[in-house]
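FYI, it's all coordinate maths here, none of it is from the lab. The structure presented is a predicted model; accordingly, all values stated were derived computationally and were not measured. Heads up, the Cβs are rebuilt from the backbone with ideal geometry, glycines too, and the neighbour counts pull from every protein chain shown.
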Amino acid sequence: MTDKLLQNYPKQVTLGLAGAHVILRPLEPTDEYQLLQFFNRIPAEDRYYLKEDVSSSSVIAKWARNIDYDQVLPLIALVDSEIVADATLHRNQAGAHRHMGEIRIVVEPSHRNQGLGTIMLEELIYIAYDRGQDRIFMQLVEEREDNAIRVAEKMGFQRVATLPGFAKEITGEDRNLVILELTQESRG
């Protein structure tokens, strides 16, 4: 990540009507334990839809100990030194997909519906564009992540595909996987 972008952090933001102050900054290796604690506060039914087992200390250790901001930029939100949200911008390093970025966001239930996910999404979009990633996508599970889908669409993301049955509920029931994309042209 460029020095210019790192100079923007830590950054304090204020959330919604409650006016809670949150600090945003990139994840650091010393955040390993706090990140594991954060993911353990996320309900199991929400963690089920994530791409990795974030309740595993070995998964979190791998993330925290092998940080490469050019490949995956993990941005965390802290309230009183406690992680309350994690957002990541993933980037392929070579070839035809280098211009694309994938964003993933997880917000602790007590801090949802206050605009934190939207603020973090905006931060990562700005960073992606600055890095030359002109196509950004998200993969969300219909019916389980409808609020996130609405927020993304409100910010200019467009549905480019709905993959029937590509996600499974804990019960085994099929769910659609929605692929949303944002381009610099569509954002305006």
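Points worth noting:
- Lys, Arg +1 and Asp, Glu -1 on Cβ, resulting dipole of the chain about Cα centre, debye, nearest 20: 320 debye
- Residue 135 long-range amide H proximity, modeled H, under 5 Å: 101
- In the chain, helices alone account for a calculated mean residue ellipticity at 222 nm of -8000 deg cm²/dmol, with every DSSP H run of four or more residues adding -39,500 (n - 2.57).
- About its Cα centre, the stretch 1-93 has a charge dipole of approximately 180 debye under the convention of +1 per Lys or Arg Cβ and -1 per Asp or Glu Cβ, with nothing else charged.
- The lysines within cross-link reach of residue 11, meaning a Cα-to-Cα straight distance under 28 Å and a gap of 8 or more places when in the same chain, are 51, 62, 154.
- Taking the convex hull of Cα positions in the chain, its mean projected area over all directions (nm²): 11.0 nm²
- For the stretch 50-119, the Cα gyration tensor yields ellipsoid semi-axes of 23, 16, 11 Å (square root of five times each eigenvalue, largest first, whole Å).
- Convex hull of Cα atoms in the stretch 134-188, direction-averaged projection (nm²): 3.6 nm²
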